[in-house]
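A short write-up of the structure that comes next.
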Amino acid sequence: MTPAAAFVAPTIEWAYLVPVIVVLVAGVVGVLVEAFVPDRARRAVQLVLALGALAGALTSIVLLWPDVLERNGVRVLGGALVVDPFGLAVQGIVVVLALLATLVVADRTSTKQDAFAPTGAAVPGSAYEDLARRRGLEQTEVYPLVLFAVGGMMIFPATGDLLTMFVALEVLSLPLYVLTALARRRRLLSQEASFKYFLLGAFASAIFIFGVALVYGFAGSVQLAEVRGALLGGTGLDGMTSLVLLGLVMVLTGLLFKVGAAPFHSWTPDVYQGAPTPITGFMAACTKAAAFGALLRVLYVVGQALPPDLQEKLVVALWVVAILTMVVGTVIGVVQTDMKRLLAYSSIAHAGFLIVALVGFGELSGFGVRALLFYLLAYGLATIGAFAVVTLVRERAPQPVVVPAEADLATVGAGAGAGTSGTAASAGSDVPDAGAVLGEATHLSEWAGLGRRSPWLAGAFALFLLSMAGIPLTAGFIAKFTAFQSAVAVGAWPLALIGVLASAVAVFFYVRIIVLMFFTPTPTPTPTPQAAGGPGTAPDGASSTGGGTSPVAALTSRVTVVRSEGFTTVAIAICVIGVILLGVLPSSVLDLAFEAAKFRP
Amino acid sequence: MTTEIPWLTLLIALPLVGAAAVWGLGATSARKHLRTVAVVFGLAELVLLGLAISAFDTSDAGTVQLTETHAWIPQLGVSYAVGADGVALLLVGLSVLLVPLVILAAWREQDGDLAKLRHYLGLVLLLEAFMVAVFVARDVFFFYVLFEAMLIPVYFMIGGFGGGAQRRYAAVKFLLFSLAGGLVMLVAVIALYLNGPGGEQGFLTQNLVDHFAANPLPVSVERLLFLGFFLAFAIKAPLFPVHTWLPDAAEHAPAGTSTLLVGVLDKVGTFGMLTLCLPLFPHASQWAAPVVVVLAVVSILYGALMAIGQSDIMRLIAYTSVSHFGFIVLGIFSFTSLSVSGASFYMFNHGISTGALFLLAGFLVARHPTRSRRLADYGGLQRVTPVLAGTFLVAGLSALSLPGLSTFVSEIMVLVGTFSRSHPAALVAVLGVVLAALYVLLTYQKVFTGKAPHDLVGTPDLGAREKWVVAPLIVALLALGFYPAPALDLVREPAQATMTAVGLEDPATTPDLLSVEGSDS
């Protein structure tokens, strides 16, 4: 026994950890479920567990809110976790969005197939994979993976030291790398996306941790509060304040990578396109929320304490990143022809608008925080809703043409230069039933006339696009308004002006989709090389690649909307209601967001 | 000052209910009655407006009346604030008058495809709510929200129901032009609040005007803000050189859409200049006035010349509107009580006159076997369809401001007012009147005189429904031409109020035409 004097057991305020613990424990239980629950019941158990855990986390966040607000934040676990109003608010946003995303993940649609590979470990196009598919296997590990990612995302914005932040970064990233690789269709594209994401993510993590080391070199601590203290009290390494700036910029680089801001955005389109669509929605909304939370915490706690001259340099860097991000996102978005890539560029542009809200971090007004929180919620609802719609719009095998079942897969193989894999796959598989539903119809031309055939779905999608475009009476407008307001309030009106001009460009591509859906008749089923570019997209992600698309050309001619099992419909409905409500009556949410604009270092 | 009955809110809500009813009904088996329901809502709105006017004190038209103010988003300083002065009431009247006529005119459009017609009529009623609201908004943010949100129904009305393959292009061009202007205005709106009194009612127009009167903005800030607002309004109005979206939109939209678009929606631009730019940024308005006046005069001449050169009847009418909007802007930025009240009245008259022209042109085109809009494909219809020809002539003459028609009154007010402020501007602008005679009479000549082509020989004249559409407009033009006093009562005092807000006196040479006209008629 250690003498009591030498060891004081830390008092842990467990209550404040409940939201995170619920989610992480549910993730662990989910892994055990995989081992012990029989096949048939597994999906149902996992689904109930995941939704239950997220709902439980949300409830505990709501219950904790008044207390946290009153105490103005609590440092738990020796400052590793800081449950302050801001952190808790970001956790709340992440959980709400994750709940919606999980609903989309769970939906198997009327095809009775979910969006994930039957066995993730199988080599794409192999006989083993084929067998797994025919057995109707399901990869229910998806749910624990999502829960682990959510757990990481909840720790990320609510942590008080940079090392915990790094651990959270990895906890949220690793499951996402795996999830990205699990798309049921276009397996190679999906695996490549995952690999890219992993490599670039590892780089970003390395830069992040290098930055942490430099900050430590200056302050002698990785605790944000102590770094702040060292800066304010002048107790850091003598004459080396620029070290902390360098470290801070490297830390921010790691975080900006996660939010997909230019020039660290290049993974976004490929990963968004390759990942299973429900995961893309989850990733786009929740990762961005968590990473912006962490970004803002670092900026507010450490950035604010920088001496004015260094702070100015940091602001200049943010300006450059914001402008680049908005311009890259909108201008390159204009020429996209694949729906998922287009939404990816739109998400890059939104990252830019969000950074615009951040440039005022030096002022203690709270406008920026309010804008950021509101924007994250508004953007997340529209994004999850939009990707949910994408999961329902499918291609259908044409009746008379004999096409190998793995045509899309074979094409990808052929595009990758492995022509043999294409033939192998087609040799080993059967011909699909005429009219069998295939993968998602992501090429823009395939969305033509959707408004005539499925007015409700197309209407919801149009609403999400209008919200992203920032048209009044939708959530996106209030979000943009508050974001630009917080920029103009600190005199950054040129940034706001560039922001609105970028919005105008962005409107062009959102509106183009609305034109396609509502004003363009459904194309006649005569495939042209241009029209067939999307589904056969070669793994390098260039959607205009002509090579290897010809077998798919026949497939693009028929587009169908599959019925949801109900989960996706519920998610889309909630997103629609949320987008309208936040647009018309945003008062109460704005109040909440303003209350949440409090940090505890 | 709160009235017992929230008239203006009711006026906004009724068309919304109507839109919901039309959409709801269209999904049921009772869709045969779709059009009737839409017209009933249009007429009910007209009745409601009559009641609202009876609650309005016309002797005090310069004061904002029937006001209602409720907190909407206090966190951002936004209120739901409505209220109308004479000008606003006049423009609300224009919207409410045109909507039932447009619904009637669309009776047989979309080839009896009721499913499609349901969307069209729903959008028209939805747009009516936005139009009424935008004219009575007394909160800059609320105004901005409506200003932008109303683009969406119009966008669908052009892109979804127009004719021709180019309609998508026209719809997108319309939307992008308007949004580009609107988004720049958004930055100005934000900056306006931050420079204003702030607080939970910081966006109320009156609070802002009072605040800036007491604490003038720095010169450069005021000018930048003015430009932000003015650009959006100039695109909307549309003023040369940002007018290019209008001919495309008008060409490809159905006639009813063009009527509302040019007749009412574009007035939001000039209305915004009058009720926001001038009172909020009086010094910057005066600073910019010389340039704006030049642009207005260029618009007058350019629009008229382009109209003469058009071969497409819808584009022609659109260009005549560019010319007329030049007159309105000229009147506003000449800063005399005569020209400002003339411009206000002009807004109303132009809506009636252009609305009549677009609707009649729509009837004309619908009669052509190939739905041709080319002037060259017509001729000699005066004998075949005398009523159509006669009404078109009256509407056309109103476009060239023939004495006896209401447009004459407003145009002479603008010109005389301008003359007292700037001789050259008025002298050049008068050329526009001469050119107007050319484009109207040449068009009439091409379409209605001469020998009718074979395919038009048996063309039926206007039916009863179509006569009902045109008659109210012709009556309004004639009645207000001979007895403009009721309308002038509404615009006179707001014009005085605007002058006070800008802080300018009439030049000594301005004739007291307002009272002269009152005794004339």
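The values are calculated or read from the model by the stated rules, or taken from the named source; none is laboratory data. This one's a predicted model, so the numbers in the text were calculated from it and none came from an experiment. Every residue, glycine among them, receives a Cβ derived from its backbone with ideal geometry; neighbour counts consider all protein chains shown.
Which of the residues that make up segment B:211-233 are over 28 Å from the mean Cα position of the chain (by Cα) and in a helix (DSSP H, G or I)?
Within segment B:211-233, B:His211, B:Phe212, B:Ala213, B:Ala214, B:Val219, B:Ser220, B:Val221 meet the criteria.
What's the number of the only condition in (1) touching a residue at least 24 places away in the same chain (Cβ under 8 Å); (2) within 14 Å of chain A (Cβ to nearest Cβ); (3) more than 27 Å from B:Arg371 (Cβ to Cβ); (4) aromatic (Phe, Trp, Tyr) that B:Phe130 fails to meet?
(1)
Which condition number in (1) farther than 15 Å from B:Leu179 by Cβ; (2) without any contact (Cβ under 8 Å) to a residue 40 or more places away in the chain is the one that A:Ala462 fails?
(2)
Return the residue satisfying two criteria in turn: it lies in segment B:409-454 and is crowded, with 21+ Cβ neighbours inside 10 Å and aromatic (Phe, Trp, Tyr), and of such residues it is nearest to B:Leu338 (Cα to Cα).
B:Phe419
Look at B:Asp461 and say whether it is of a type in the set (Asp, Glu) and touching a Pro at 6+ places or on another chain (Cβ under 9 Å).
So B:Asp461 passes the test.
For segment A:38-67, give me each residue that is among the hydrophobic types (A, V, I, L, M, F, W, C) and modelled with pLDDT under 90.
A:Ala41
Going by the conditions given, is B:Tyr80 modelled with pLDDT of 85 or more and surrounded by fewer than 24 Cβ atoms within 10 Å (Cβ to Cβ)?
yes
Among the residues of segment A:232-244, which ones are surrounded by fewer than 22 Cβ atoms within 10 Å (Cβ to Cβ) and either of a type outside the set (D, E, K, R) or in a helix (DSSP H, G or I) (or both)?
A:Leu232, A:Gly233, A:Gly234, A:Thr235, A:Leu237, A:Gly239, A:Met240, A:Thr241, A:Ser242, A:Leu243, listed by residue number.
Take the residues in segment A:167-194 that are in contact with a strand residue (DSSP E or B) (Cβ under 9 Å, 6 or more places away or on another chain) and either closer than 23 Å to A:Leu295 by Cβ or without any contact (Cβ under 8 Å) to a residue 40 or more places away in the chain (or both), then tell me which one is surrounded by the most Cβ atoms within 10 Å (Cβ to Cβ).
Filtering first and then ranking leaves A:Leu179.
Do we find a residue being under 27 Å from B:Tyr193 (Cβ atoms), in contact with a helix residue (DSSP H, G or I) (Cβ under 7 Å, 6 or more places away or on another chain) and part of a helix (DSSP H, G or I) anywhere in segment B:112-128?
no
Do we have A:Pro521 as at pLDDT 70 or above and over 26 Å from A:Leu465 (Cβ atoms) here?
no
Going through B:Ser311, B:Ser285, B:Ser321 one at a time, which residue ends up being of a type in the set (Ser, Thr, Tyr) and closer than 19 Å to B:Phe177 by Cα?
That would be B:Ser321, the only listed residue that is of a type in the set (Ser, Thr, Tyr) and closer than 19 Å to B:Phe177 by Cα.
Before we move on, is B:Leu186 facing another protein chain (nearest Cβ under 8 Å), under 18 Å from B:Ala318 (Cβ atoms) and at pLDDT 85 or above?
Spelling it out, it is not the case that B:Leu186 is facing another protein chain (nearest Cβ under 8 Å), under 18 Å from B:Ala318 (Cβ atoms) and at pLDDT 85 or above.
Name the helices (runs of 4 or more DSSP H) wholly inside segment A:283-370 in which the number of residues that are at pLDDT below 90 and surrounded by fewer than 19 Cβ atoms within 10 Å (Cβ to Cβ) is 2 or more.
Where helices (runs of 4 or more DSSP H) fall fully within segment A:283-370 and carry at least 2 residues being at pLDDT below 90 and surrounded by fewer than 19 Cβ atoms within 10 Å (Cβ to Cβ), they are A:308-334.
Condition first: of a type in the set (Gly, Ala, Ser) and surrounded by fewer than 18 Cβ atoms within 10 Å (Cβ to Cβ). Now tell me which residues in segment B:381-395 satisfy that.
Hit for segment B:381-395 is B:Gly390, nothing else.
Residues of segment A:571-601 being more than 10 Å from chain B (Cβ to nearest Cβ), aliphatic (A, V, I, L, M) and in a loop (DSSP other than H, G, I, E, B), which ones?
Residues satisfying the conditions are A:Ala596, A:Ala597.
Which one is farthest from A:Ser503 (Cα to Cα), of the residues in segment B:172-181 that are more than 7 Å from chain A (Cβ to nearest Cβ) and surrounded by 23 or more Cβ atoms within 10 Å (Cβ to Cβ)?
Looking at the filtered set, the residue picked out is B:Phe174.
Being of a type in the set (A, V, I, L, M, F, W, C), in contact with a Phe, Trp or Tyr (Cβ under 9 Å, 6 or more places away or on another chain), in a helix (DSSP H, G or I) and surrounded by 14 or more Cβ atoms within 10 Å (Cβ to Cβ) is the requirement here; does B:Val92 meet it?
So B:Val92 fits the description; yes.
Being of a type in the set (A, V, I, L, M) and more than 26 Å from A:Phe208 (Cβ to Cβ): is that true of A:Ala158 here?
Considered against the rule, which asks whether it is of a type in the set (A, V, I, L, M) and more than 26 Å from A:Phe208 (Cβ to Cβ), A:Ala158 comes out as no.
Scan segment A:125-147 and report the pairs whose first residue is farther than 14 Å from A:Pro276 by Cα and whose second residue is in a helix (DSSP H, G or I) and at pLDDT below 80, with Cβ atoms within less than 8 Å and a gap of 6+ or a chain change.
Matching pairs, first to second residue: A:Gly125/A:Leu409; A:Gly125/A:Ala410; A:Gly125/A:Gly413; A:Gly125/A:Ser421; A:Gly125/A:Ala424; A:Gly125/A:Ala425; A:Ala127/A:Gly428; A:Asp130/A:Gly428.
Just one of (1) without any contact (Cβ under 8 Å) to a residue 40 or more places away in the chain; (2) buried (at least 20 other Cβ atoms within 10 Å of the Cβ) trips up A:Gly152, so point out which.
Every listed condition holds for A:Gly152 apart from (1).
Could you tell me whether any residue of segment B:218-238 is farther than 28 Å from B:Gly326 by Cα and more than 12 Å from chain A (Cβ to nearest Cβ)?
Yes: segment B:218-238 contains one or more residues that are farther than 28 Å from B:Gly326 by Cα and more than 12 Å from chain A (Cβ to nearest Cβ).
Go through (1) more than 14 Å from chain A (Cβ to nearest Cβ); (2) out of contact with any Asp or Glu (no Cβ under 7 Å at 6 or more places or on another chain); (3) in a strand (DSSP E or B) one by one and return the number of the condition B:Trp72 breaks.
(1)
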